[in-house]
Amino acid sequence: MDRRIPLTILLVLGIVMMLQFFIPSRPSETFFEYVFVRFGIILFGFALIPSVGSLIRHHWKKAAARKQGWPYSIVALVGLFGMAAVGFLDREQLLGGASGLFRRLFLNVQVPMQASMFGILAFYMASASYRAFRARTFEATLLLVAAFIIMFGVIPFGAYVWDKIPVISEWFLEVPNMAAKRGIKFGVGLGIAATSLKIILGIERSWMGGGGKG
């Protein structure tokens, strides 16, 4: 296929979207609503089909070959097909009700599993923090002291030790931490803008595949 066609489409749409963002108007907002928002929803629906198919194929092959962790693949497939069947057959769910079987399964199975996963991640983060906060350098020492103060400030025990610890912890979060976050976001924004311009102008073509040539 001639690569000039997708490059031209991308160039035109990129310029239109920049004009819509910096020079908003009723026609440009309508164009954005119908072409990008609604068309994006349609694309998401079509993209869901191959993504779910890829998920099913991956776990099916893993379970059939009895690879390491294959029982978890069976659980994933059962959960996928089970929730899909309940979603299609549950009358309350189809009518938008709040007490259907699909909603009960989500609240009583999915939500507790997510909470358990985050609870396990908390121990993993604590272990990783212990390894990362070893005061081998001056920067690591600053990170260790700041983390210690913030952790003490967000738990009730810190206020019992000294009532100023929560205030100091809040200052660390709102001043140095916020400054660093804004600096990172500023750099990320510049990187996104530069990459977007390279893609719109046809300088960066790796997204088209084939090594970006042509």
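Where a number appears in this text, it was derived from the coordinates with a stated rule and is not lab data. On a predicted model such as this, the values are computed, not experimentally measured, just so you know. We place every Cβ from the backbone using ideal geometry, glycine too, and count neighbours over all the protein chains shown.
Below are the figures for this structure:
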quantity	calculated
Sites Phe31 and Gln110, calculated FRET efficiency, Cβ-Cβ separation with R0 41 Å, nearest 0.05	0.60
Cβ charges +1 (Lys, Arg) and -1 (Asp, Glu), total dipole of segment 1-67, debye	680 debye
Order by protection proxy (mean Cβ within 10 Å, highest first), peptides 38-49, 8-19	8-19, 38-49
Förster radius 30 Å - calculated FRET efficiency between His58 and Tyr130 (Cβ-Cβ, nearest 0.05)	0.30
Alpha-carbon gyration tensor eigenvalues x 5, square-rooted, for segment 1-67, Å	38, 16, 9
Peptide ranges 100-111, 68-79, 186-197 listed from the most packed, as the mean C-beta count within 10 angstrom indicates	100-111, 68-79, 186-197
Segment 111-132 and segment 144-214: distance between their alpha carbon centers, rounded to Å	20 Å
Approximate spin-label separation Arg3-Ala47, in nm, with each point projected 7 Å along Cα-to-Cβ	2.2 nm
10 Å-binned pair-distance histogram of the chain (Cα, whole percent)	6, 14, 20, 19, 32, 8, 1
Gain on full stretching of the segment that runs from Ile15 to Thr137 - 0.36 nm per residue minus C-alpha separation	39.1 nm
Residue-span extension gain [Phe118 to Phe157] - 0.36 nm each, minus C-alpha spacing	11.8 nm
